[in-house]
Amino acid sequence: MDAAQLKQEIIEYSKTIGIDKIGFTTASTFDELRNRLIRQQELNYQSGFEEKDIEKRVNPSLLMDTPRSIIAVALAYPSKMNERVTSKKGERRGIFCRASWGEDYHLILRDRLKKLEAFILEKVPDARCKSMVDTGELSDRAVAERAGIGWSGKNCSIITPEFGSYVYLGEMITSIPFEPDQPIEDQCGSCNKCIEACPTGALVQGGQINAQKCIGFLTQTKDFIEEPLRAKIGNRIYGCDSCQTSCPENKGKNFHFHEEMEPDPEIVKPLLKPILQLSNREFKEKFGQLAGSWRGKKPIQRNAIIALAHFKDETAVGELIEVMTKDTRPVMRGTAAWALGKIGGETAKLALEKALEKETDEEVLTEISHGLKEVNLV
């Protein structure tokens, strides 16, 4: 087997199956990443969604016997909708982040990696391959950085010269000793626009993020969001793009290479009020194909309530009272009470006063009390 020739054949084949960029690196340990992950753990900056065993995140040999290289892939996704819908009074809309437009990217990347693996095994039948996307043990970003896909930006995203940071990442550990590609030199320089644009200050410094404060993380949680952070969420119902849209490297970057990534504006920028009453089946039918649906309907519905408060949508008072008084989930009742306080009005005030007499959950009672204080200030 000629590894150099095979590498070139893989690069050429990757273009035919919709991989926009491909890079190769060694399977050696990610020692610098280990130190960063340990520090993140010490500071409690992790989201909790990551692989908990740091050694598995940095040592490919724990994931495959005698790995020799890692192939990194990137697929560019759109940053703008070809068709747009607008939010207007009485018909307010939420927004999913760009990484959740179109079909779930985990499925898209797994499809590409599966095809790439089949191609490799056809050429080298005794080769061993292990692919992963996002939820795998390795850090997609660390692999992509070392494989020359792009540099790791201050916004904690991989920034490619061609597509900016609007790329999905995946990787494949292999038993084949491919020649590694050269990493790309950091090009962020003195620019701090992403850090300045972060609504919650989650970007502590260039390349370091406190996931516990990141809106992208907060919108995926299922409990109450801390009150000071709610106002920062705006109308985001899943994820956040502020650190990407503020990046000069992303200016003018908008690629529509993959049909399955095209957003349906009615789904990725949905009307907020109808979300509140969705059944599980209706939620899956409408949002199930999105990456942003993975945590179920509860976070999306809670975030929709926060968004209605952001807009001070008086037309939603009736629906919010319904949630506050009839929803079986304390997080929904309490967040609705808070939202009613933010929107204000006599109807909201009377409903909050009645709810205060009947509610038994302590956290919800606290939210109702805060709502009543707010409603008197509106």
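The values are calculated or read from the model by the stated rules, or taken from the named source; none is laboratory data. Fair warning: this is a prediction, and the values are worked out from it, not measured in the lab. Counting neighbours? That spans all protein chains shown, and the Cβs are built from the backbone with ideal geometry, glycine included.
Overview of values
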quantity	calculated
Residue list for region 218-231, filter: surrounded by 21 or more Cβ atoms within 10 Å (Cβ to Cβ) and either at positive phi or part of a helix (DSSP H, G or I) (or both)	LEU218, ARG230
Hey, ASP111 among the acidic types (Asp, Glu) and part of a helix (DSSP H, G or I) or not	yes
Unique match (being over 23 Å from the mean Cα position of the chain (by Cα), modelled with pLDDT of 95 or more and crowded, with 18+ Cβ neighbours inside 10 Å) among THR66, THR25, THR29, THR16	THR25
Residue check for PRO270: under 27 Å from ILE108 (Cβ atoms), in contact (Cβ under 8 Å) with a residue 12 or more places away in the chain and within 16 Å of the chain's Cα centre (by Cα)	no
Residue among GLU260, GLU322, GLU282 that alone is of a type in the set (Asp, Glu), on the phi < 0 side of the Ramachandran plot and touching a Gly at 6+ places or on another chain (Cβ under 7 Å)	GLU260
Yes/no for GLY207 being at pLDDT 95 or above and not polar (S, T, N, Q)	no
Filter result for LYS253 (closer than 29 Å to LEU340 by Cβ, surrounded by 19 or more Cβ atoms within 10 Å (Cβ to Cβ) and out of contact with any helix residue (DSSP H, G or I) (no Cβ under 9 Å at 6 or more places or on another chain))	no
Checking GLU103 against (1) touching a strand residue (DSSP E or B) at 6+ places or on another chain (Cβ under 7 Å); (2) of a type outside the set (Val, Ile, Thr); (3) touching a residue at least 60 places away in the same chain (Cβ under 8 Å); (4) not in a strand (DSSP E or B), the condition it does not meet	(1)
Test for ASP134: is it assigned by TED's automatic domain parsing to the domain that holds GLU32, surrounded by fewer than 18 Cβ atoms within 10 Å (Cβ to Cβ) and within 23 Å of SER69 (Cβ to Cβ)	yes
Matching residues, region 256-274, being farther than 19 Å from GLY164 by Cα, among the acidic types (Asp, Glu) and in a loop (DSSP other than H, G, I, E, B)	ASP264
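Residues are listed down the side, and each one gets a yes or a no for (1) touching a residue at least 40 places away in the same chain (Cβ under 8 Å); (2) touching a His at 6+ places or on another chain (Cβ under 6 Å); (3) buried (at least 17 other Cβ atoms within 10 Å of the Cβ):
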| residue | (1), (2), (3) |
| --- | --- |
| LEU113 | yes, no, yes |
| ALA142 | yes, no, yes |
| GLU145 | no, no, yes |
| ASN155 | yes, no, yes |
| TYR166 | yes, no, yes |
| LEU169 | yes, no, yes |
| MET172 | yes, no, yes |
| GLU185 | no, no, no |
| GLY207 | yes, no, no |
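Quick grid of which residues meet (1) closer than 20 Å to PHE217 by Cβ; (2) in a loop (DSSP other than H, G, I, E, B); (3) charged (D, E, K, R):
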residue: GLU282; (1), (2), (3): no, no, yes
residue: LYS286; (1), (2), (3): no, no, yes
residue: ARG302; (1), (2), (3): yes, no, yes
residue: ALA307; (1), (2), (3): yes, no, no
residue: MET324; (1), (2), (3): no, no, no
residue: THR328; (1), (2), (3): no, yes, no
residue: THR335; (1), (2), (3): yes, no, no
